[in-house]
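Since the structure comes first, as structure tokens, the remarks are kept for the end.
The values are calculated or read from the model by the stated rules, or taken from the named source; none is laboratory data. Because the structure is predicted, anything quoted here is derived from the model rather than measured. Quick reminder, even Gly has a Cβ in these numbers, built from the backbone with ideal geometry, and neighbours come from all protein chains shown. Accessible surface areas use protein heavy atoms only, side chains included; no ligands, DNA or RNA. Shrake-Rupley method; radii C 1.70, N 1.55, O 1.52, S 1.80 Å.
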There are 2 protein chains.
Amino acid sequence: MSDGAIGLIETEAGAVPRNGERRRGIDRVIVLLEALLRHRAPMRVGDIARMIGAPRSTTYEIVNSLLEAEMLENVGTEGYVYFGRAMHLFGWAYSHHNAHYRRIIETLDRMAAETGETVQLCGLRGNKYIVLDCRDSSGPFRISSDVGVEVPIPWTASGRLLLGHMSEEEVEDFIPPGDYKLPDGRVIAPAEFFSDVALARQQGFSETAALADRFTWCMAAPIRDGHGAINKTLCFVLPVDTPEARRSELLALLCERARALSLAGS
Amino acid sequence: MSDGAIGLIETEAGAVPRNGERRRGIDRVIVLLEALLRHRAPMRVGDIARMIGAPRSTTYEIVNSLLEAEMLENVGTEGYVYFGRAMHLFGWAYSHHNAHYRRIIETLDRMAAETGETVQLCGLRGNKYIVLDCRDSSGPFRISSDVGVEVPIPWTASGRLLLGHMSEEEVEDFIPPGDYKLPDGRVIAPAEFFSDVALARQQGFSETAALADRFTWCMAAPIRDGHGAINKTLCFVLPVDTPEARRSELLALLCERARALSLAGS
DNA sequence: CGTTATTGTCTGATATTTCAGACAATATGT
DNA sequence: ACATATTGTCTGAAATATCAGACAATAACG
């Protein structure tokens, strides 16, 4: 095995593929790309095969097709592959076709330039939180987090805002029980989390200090769509020891910019 | 038909699919995504089917799979689809896994901020030129070009640099004859183009004035890889009437930054 | 209103793709 | 040097995904 722990990814649909069962090439491609995204590093074909639970011969076949299309590309000389140039182009097309998204990205750029802090755009993917885009701090204290990696919602300030439209019961059904457990072993009481969500809704912003890790102070403000719903949030990720004066200044900026990006009610 | 001209895309391999012939789902996916990239706007399933030469029933099947994976997403309410969020995440992973590419992007950002001009990163895709990334001018005179769209190499300043490693004969074999014809009908003499390529190699930069269109002055400088080869170029796209003093100042900046991004020889 | 084109969903049959397994050629470890 | 694991490539055969075409339901048009 090349490195790290590589486990079998269970696909949503068929739990245990019975023997003699086959899977469609397209589905293999989808699972493969998602596996690569989670792994966040080039992988070898053999490891990919194990990770997505596909036969090696099939995996070679698929990988070669994707390589030819530049959706994947070879990295290094040891048979490693990772996302290719075509993916960059598709992703670029996605993020620029839509005027609203373009404005958001411009704001992200401007805020990063003005403040020098780490700025993120966040949202949900299923019942997990993900960073959709970010600009890393230019300072020596660089906290960077990976775009697209799924994180339990209760670990995040943004998560508290993004559940604002749900009742306490809905939130309870929505969050997998294990997601209240933090990386350091502490467990957030669900009741406490529900009241955090309510507070975030009332305040119109959310903050967490040293929650998912000991070093960061996160603050999030909602970007509302045309119906007033919160699909995305704008966040600062600061060193936890940032002085209060600086924090409140940044919070005000964050809320102002997020409000400016929100669409008028329909 | 919804809009615009939608022609049949010929796939590289099988010229005319004989009747009774089938195509693999994966290949359909690849052709579909490339078609969507060229079209640069949301499309309806029926139009996609026509464009990629696939049966409608197959196209629905594939599109629905990709929608579920968020590789595509619905746009509007009229059955239009375009690239989805997952593509953004895959593309982001591509462009950040590699330290060199990250440095290039930072340079792009900085140059755009410092000069306010349109800056591009360009490269080849097969025997065509494409813009890999860009930062549009902030000024009122905004010339934007689409990332990922294939353009004949002789239309561009970058193209002249990117062929620098080829002999005159190789260039002749490489460029499709039709690519010497400019959008306005003028035709570049191949001999003239070859000497442009030689000049670009000798100077270490390339400029074109009012070539692909009447309004732009383009200047490109090479980014060299570890072997001294030119894979990518850095460009400014300026209004054609930019004063000479400003142009030479920008050219100097461009060459300096491109050189800084080039990797030391191995 | 009749005519024509489109959309989205189903169906059954067959051409094809996925799959298990074998293979030689390297690596890796003891 | 031996045993073990891995890589990349092929093969034949069985399971099935792709395909043509039909269908009802709208939409577009004169």
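Can you list residue pairs whose Cβ atoms sit under 9 Å apart, with the first residue in region A:36-49 being more than 16 Å from A:ILE62 (Cβ to Cβ) and of a type in the set (D, E, K, R) and the second being open to solvent by less than 10 Å² (accessible area, probe 1.4 Å) and more than 12 Å from DNA strand C (Cβ to nearest atom)? Count only pairs 6 or more apart in sequence or on different chains.
A:ARG38/A:GLY148; A:ARG40/A:GLY148; A:ARG40/B:ALA93
Give the residues of region A:62-85 that are among the small types (Gly, Ala, Ser), under 24 Å from A:ASP27 (Cα atoms) and either more than 21 Å from the chain's Cα centre (by Cα) or more than 11 Å from chain B (Cβ to nearest Cβ) (or both), sorted by residue number.
Passing the criteria: A:SER65, A:ALA69, A:GLY79.
I'd like to know if region B:187-205 contains one or more residues that are away from chain A (no Cβ under 14 Å) and closer than 25 Å to A:SER95 by Cβ. Even if it seems obvious, please write down each step before you answer.
Our first condition is that a residue be away from chain A (no Cβ under 14 Å); within region B:187-205, this holds for B:187-205.
Next cut, closer than 25 Å to A:SER95 by Cβ only: none.
Checking region B:187-205: not a single residue is away from chain A (no Cβ under 14 Å) and closer than 25 Å to A:SER95 by Cβ.
Any residue in region A:49-61 that is more than 14 Å from DNA strand D (Cβ to nearest atom) and within 13 Å of another protein chain (Cβ to nearest Cβ)?
Scanning region A:49-61 turns up no residue that is more than 14 Å from DNA strand D (Cβ to nearest atom) and within 13 Å of another protein chain (Cβ to nearest Cβ).
Taking strands (runs of 3 or more DSSP E) that fall entirely within region B:47-127, which contain at least 1 residues that are open to solvent by 30 Å² or more (accessible area, probe 1.4 Å) and farther than 30 Å from B:LEU163 by Cα? Even if it seems obvious, please write down each step before you answer.
Numbers: elements: B:72-75, B:80-83, B:118-125.
Where strands (runs of 3 or more DSSP E) fall fully within region B:47-127 and carry at least 1 residues being open to solvent by 30 Å² or more (accessible area, probe 1.4 Å) and farther than 30 Å from B:LEU163 by Cα, they are B:72-75, B:80-83.
Just for region A:33-48: of the residues that are over 18 Å from the mean Cα position of the chain (by Cα) and over 13 Å from B:HIS97 (Cβ atoms), which one is farthest from the other protein chains (Cβ to nearest Cβ)?
Among those residues, the one meeting the criterion is A:GLY46.
I want to confirm something. Restricting to region A:96-107 and keeping residues that are without any contact (Cβ under 8 Å) to a residue 60 or more places away in the chain and more than 13 Å from B:ARG40 (Cβ to Cβ), which single residue is farthest from the other protein chains (Cβ to nearest Cβ)?
A:ALA99
Of (1) in contact with a Pro (Cβ under 8 Å, 6 or more places away or on another chain); (2) in a strand (DSSP E or B), A:ALA258 satisfies all except one. Which?
Result: A:ALA258 fails condition (2) only.
Exactly one condition in (1) crowded, with 19+ Cβ neighbours inside 10 Å; (2) within 17 Å of B:LEU124 (Cα to Cα) is false for B:ASP196; which is it?
(2)
Rundown of residues vs (1) open to solvent by less than 70 Å² (accessible area, probe 1.4 Å); (2) free of Cβ contacts under 8 Å to residues at least 24 places away in the same chain; (3) not aromatic (Phe, Trp, Tyr), yes/no style:
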| site | (1), (2), (3) |
| --- | --- |
| A:ARG201 | no, no, yes |
| A:SER206 | yes, no, yes |
| A:TRP217 | yes, no, no |
| A:ALA221 | yes, no, yes |
| A:GLY226 | yes, no, yes |
| A:ILE230 | yes, no, yes |
| A:PHE236 | yes, no, no |
| A:SER248 | yes, yes, yes |
| A:ALA260 | yes, no, yes |
